[in-house]
Amino acid sequence: MMSSIFRLFNLGLIIIAFSACGGGASSEKLVPVITPCSSPSCDSESLPIESENAYNSEEIKMVELMNVYRIQNSLNELRFHSVLRMVAKDHSTWMNTNERLTHRRNPLQSASDRIRAAGGRFRSSGEVIACGNSSASRTLTQWKNSSGHRAIVLGSGYRFFGVSRAGNADESSRKRCPYYWTVSFGGLEQ
């Protein structure tokens, strides 16, 4: 069942959210909740459906873990947004190619600038980046342990996000950071 959910998720036809159910903390289980995508930004023609734009297993894990973390902190789940995915993927790829961990490609271009240039129109936006870890859980732990990153991940004004990890374990002997992560966030659309 999960493979069919992920296949549909990769096509952008649904949004996956996870909710906790069950008794106490020791018996809580994550249950996938499938929500049809109804936002104009979720139009199937604008979603990344080519294989090179599909989420990989660690990116899917980040989507799950980040939403679970937000729910644990009494916040809304975030929904997939095709523009934010494209911006995150482009930035992770750029950082990996240039072996540079930065929010700004040049002094005049911020994460918000990149989101606007890609067509994103949000009342608020944000970004977290990381390098090094291949796994979603270790990367999210890095962000949780940093007050500035944690504040962005737990931003109450965000409704949408896009996740990307670029890199290759085979490159680890040649690079300082074999993996680069980007999560782009957006609030209500204007």
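The values are calculated or read from the model by the stated rules, or taken from the named source; none is laboratory data. None of the values given here were measured: they were computed from a predicted structure. Neighbour counts run over all protein chains shown; Cβ positions are idealised from the backbone, glycine included. When the accessible area is computed, the model is the full protein with side chains, heavy atoms only, and any ligands, DNA or RNA have been set aside. Shrake-Rupley method; radii C 1.70, N 1.55, O 1.52, S 1.80 Å.
VAL83 accessible area, nearest 10 Å², 1.4 Å probe?
30
Report, by chain and number, residues whose modeled amide H sits under 5 Å from the one on ASN133, excluding near sequence neighbours (fewer than 5 apart, same chain).
Excluding prolines and chain starts, which carry no amide H, there are no hits.
Under a 1.4 angstrom probe, counting protein chains only, how are SER125, SER164, SER57 ranked by accessible area, largest first?
SER57, SER125, SER164
Stretched out fully, how many nm does the piece from LEU108 to THR141 gain, at 0.36 nm a residue minus the Cα gap?
Answer, rounded to one decimal: 8.9 nm.
Run the numbers for ASN168 and ASN76: contour at 0.36 nm per residue of separation, minus the present Cα-Cα distance, in nm.
29.9 nm
Using all alpha carbons of the stretch 72-183, what is the percent of pairwise distances in each 5 Å bin, ordered from the shortest bin to the longest?
2, 12, 21, 25, 21, 12, 5, 2, 0
Specify the inter-centroid distance of the stretch 59-94 and the stretch 105-143, based on alpha-carbon positions, in whole Å.
Going from one Cα centre to the other spans 10 Å.
Counting Lys and Arg as +1 and Asp and Glu as -1, what is the net charge of the other residues whose Cβ lies under 13 Å from the Cβ of LEU154?
My count for the surroundings of LEU154 gives +2.
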